[in-house]
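A short reminder: the numbers here are calculations on the coordinates, not readings from a lab. Keep in mind that this is a model prediction, so the values were computed, not measured. Cβ sites come from the backbone with ideal geometry, for glycine too, and all protein chains shown count toward neighbours.
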Amino acid sequence: MADGLLGIPHIAYAKAQVNRSKSLDLSKLDVGFGGFAPTLLNDGESARENVLSAEARIRERCEAAERAQAAQDAHTSELRHYVDQAGTNWEYVVLSESSIRIERCLNAAVNLSVPESIEGLPVRSLAPDACSSLKNVISIEIPDDVTIIGGCPFRFCKSLEYVALPRNLTTFESDWFRGCPSLSRLRMPGLLEEVGPSLFDIPHLEYVEFGAALSRVEPGTFQKSRLIGISIDPESPWLQTDGAAIYSKDAKTLVALACPLSLYVVAPSCTTIARKAFSSFGELAKVDLPNSVEIIGPYAFARTGVRTFEAPSALREIGERAFFACASLENVVLNEKLQVIEADAFSNSDISTLRIPNSIVEIGYPVAARTKLVYAGEGATFTLEPGSERLMLDESGALYELQGDGMKLLCLFDSEAMRFEAAEGTTEVAPGALLNHMSLEEVVLPKGVRVIGAAACKGCRALRRIVVPEGVTEMGSEALMDTALESLHIPASLEKIGENALVTYNAHNGKRQPTLREVTVAQGNARYEEKNGMLLEKWSNGKARVVVNTDSRECVRIPEEVVAIAPYAFNGDRNIRELYLSNRIKLVGMRGLAFQCFIELIHIDLEEPIKGHTSFDVRFPEIDRSVKQIELAFSVPDHVSVEAILDHYDGSIVSGSSYDAMVDGGIGLYDQSKMIIARLKDPVLMTPSNRSMCDRVMRSNLVDIIVQAARHDDRQVVDDMLDLGYLTKDNIDIVVERAGDVQDAAMTGYLLEVKRRFFGSQLMDFDL
């Protein structure tokens, strides 16, 4: 093993001393997608592709389990016994396809070999637990024709050190070896195509043999590895190994380091270091890279112990977080051919100087956060070599892309800046250019800027002021989202504001009041106008959409021309007490009308009359649960729905009663009954369930309601109860009697008159 398949003398491997007591800290490792495939490095593999791959693997396992179950159900023989030459007793059954399934191993030999055949029939499967709990067995070899292995076949074999799985087996489960603390060597299934991190759920594994079918190694597979060696079948058309690392067959891609070493020498033919190839090997202090390496993939060296990095002369690309959280990394020297450095490539390291070559055409933000680097001023230690035809780094730590007619602001590296003024000549602010700059309070853009990209200032939670100059035509989606912006002037030139661009600090989740409370629009802007405290987007058909509400007054009137509400436009508002709107609003974005307050009055103008009504006035009871009901009324539909508003109003009044309203925070029975009566007298759009609940409240509390009306000398309630059919011949006497207890002679007399007129009594019940 001193010289691997690549012909590289690995001194470090030969001298490797594996410290098995030292565990790796994986708690903060970011898990990404991608990996090595037979023909290419899939650094851009999507989450969807990973999900589909996982689903395919699950289907394969399910199909294998179904085949095993079918074989079990189809067996035609009773349990039989076979004793081999080593004295091992095998319990088995003959299956319908004339094959043998091993059910149980008894009196096992120390070195156990599953028989290839019994009774002249081939052994093709092992039942669950077939070789489990064998006390003295050290090794188990399974013939290559076995294609089905049931669950946990080797568990609790405490002395087991080596297992040779069949070369014709396609599946592998690490839990097959649960409770096998001595297992140190494993021959993997010969037809297994993919291996992932679950392999190292086997804690003391030292050596692994892979078959020729292995074509994919999931990124991060060996992060928990304590291996001292691996092998891959030389017949593999996809992969090869030097005993310590896995390479593509042509040795141009280093797929993964498999053994924890302090020093590793990469093959001289290697051009690509794959995603997470060395990730989380804390013992790794040095990697010798040949000058042939062109690409270092994402997370390739993340959380390793490397101390220096001198870029190979051919290096073109350093992937996202390639050296992330390399706490011992102090010195980085980049080469003159480097073109791309992705975000966080050197973040959370100990580097104090970083000189970017002028060959760079693309650089992510932040490239090196939480380091000793100084990005701004004369003492800056993060510098760009002069002479770049593509990029410019100014004294404020801002990076620009040089264009034919100006400059594009790419990012601001100085994360501690409180004020930022873009350089003269800036014509565009790139998407995410100032993303998550927590210290920024003010941003000034010069004349000449035409485009503010998506999420340009998103997450700048201290940002209270931004100067948007005349000439800006577009502000991208989420451009000022999650800021503390208090006011904004929109120039006459602005033609487009993207979705959620003005959703300020935490307004997107409603946890705090929106901070944007003043928007002015320059005269001459044909697209936007401020009206009734709202920013409106005007459409060519004369209609409009509310972009954001900035009105902090208690009475809000949505203009008649509004037919749409943008997402989060009113989200988080807590001051509104009266709301005037129309059901002409046919499009409401997510949480567009998600108020966080009690609204006393909701006035709804109707596009078309409903049963004689041209409008509705809905007054919710002033109780805590009304806030939730109001929120539900506006959040469930994607338009202004009179039906939804009335439904939640009815639910609010039915569930809001309390006999002691002052103590319990509800509405008193008397007020509740008056609200219910008003709805029952005009039950427009009242659902059958709400009507039934209202009816139940009125009937079960009839006498108490009359008593409350007597105390308020409210004869209208009596008349309404009579009209609605709640006062009847059967209950009038008890009502009169209880009303008399209040000692209100006038109300008692009125009830007696009602009794006489409507229920036929000519006699006075008692003297007044």
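Going by average Cβ density within 10 Å per residue, which order do the peptides 356-368, 217-229 take, highest to lowest? Kindly include the intermediate steps, with their values, before the conclusion.
On the way: 356-368: 18.8, 217-229: 22.6.
Ranking, from highest mean packing down: 217-229, 356-368.
Among 732, 558, 318, what is the fewest-to-most ranking by other Cβ atoms within 10 Å? Mind showing how you got there, number by number?
Details: 732 19, 558 25, 318 29.
Placing the least packed residue first, the sequence is 732, 558, 318.
A simple packing score, the average count of other Cβ atoms within 10 Å per residue, orders the peptides 546-556, 562-572 as 562-572, 546-556, with the highest score first. Once the Cα atoms are used to define both axes, helix 745-759 deviates from the longest principal axis of the chain by about 90 degrees.
When only alpha carbons are used to place a centre, the stretch 457-502 and the stretch 353-398 end up 27 Å from one another. Near residue 356, the amide H atoms lying under 5 Å from its own belong to 383, 384, 385; only residues 5 or more places off or on other chains count, and H is placed 1.01 Å from N.
Return the loop-located GluC sites (Glu not before Pro) in the stretch 166-197 (DSSP other than H, G, I, E, B) with at most 16 other Cβ atoms within 10 Å of their own Cβ; answer none if there are none. Working shown, then result.
Details: sites: 173, 193, 194; in loops: 173, 193.
Those that pass, being in a loop and sparsely packed, are 173, 193.
Derived scalar couplings between HN and Hα for the stretch 135-142 equal 6, 9, 6, 9, 9, 9, 10, 10 Hz in order, rounded to whole Hz, by the Karplus curve 6.51 cos²θ - 1.76 cosθ + 1.60 (θ = phi - 60°), x for Gly and Pro. Here the extension length gained between residue 362 and residue 82 equals 93.9 nm, from 0.36 nm per residue of separation less the Cα-Cα distance.
Beta-bridge orientation, the chain: approximately 40 percent antiparallel, per DSSP, counting only bridges with both partners inside.
Kindly put 712, 437 in sequence by how many other C-beta atoms sit within 10 Å of each C-beta, fewest to most.
Values: 712 13, 437 26.
Fewest-to-most ranking of 712, 437: 712, 437.
In whole angstrom, how far apart do the alpha carbon centroids of the stretch 689-753 and the stretch 157-200 sit? Rounded to whole Å, the Cα centres lie 81 Å apart.
Taking the fewest neighbouring Cβ atoms within 10 Å as the starting point, the ordered list for 177, 154 is 177, 154.
Report, in deg cm²/dmol and to the nearest 500, the calculated mean residue ellipticity at 222 nm for the chain, where each DSSP H run with n ≥ 4 adds -39500 (n - 2.57) and the sum is divided by the residue count. Before the final figure, lay out each step's value.
Numbers: 11 runs with 131 residues, N = 768.
It lands at -5500 deg cm²/dmol.
Rounded to the nearest 5, the antiparallel percentage of DSSP beta bridges internal to the stretch 486-605 is 35%. Here's how it looks for residue 490: its modeled amide H is under 5 Å from those of 520, 521, 522, which are all 5 or more places away or on a different chain.
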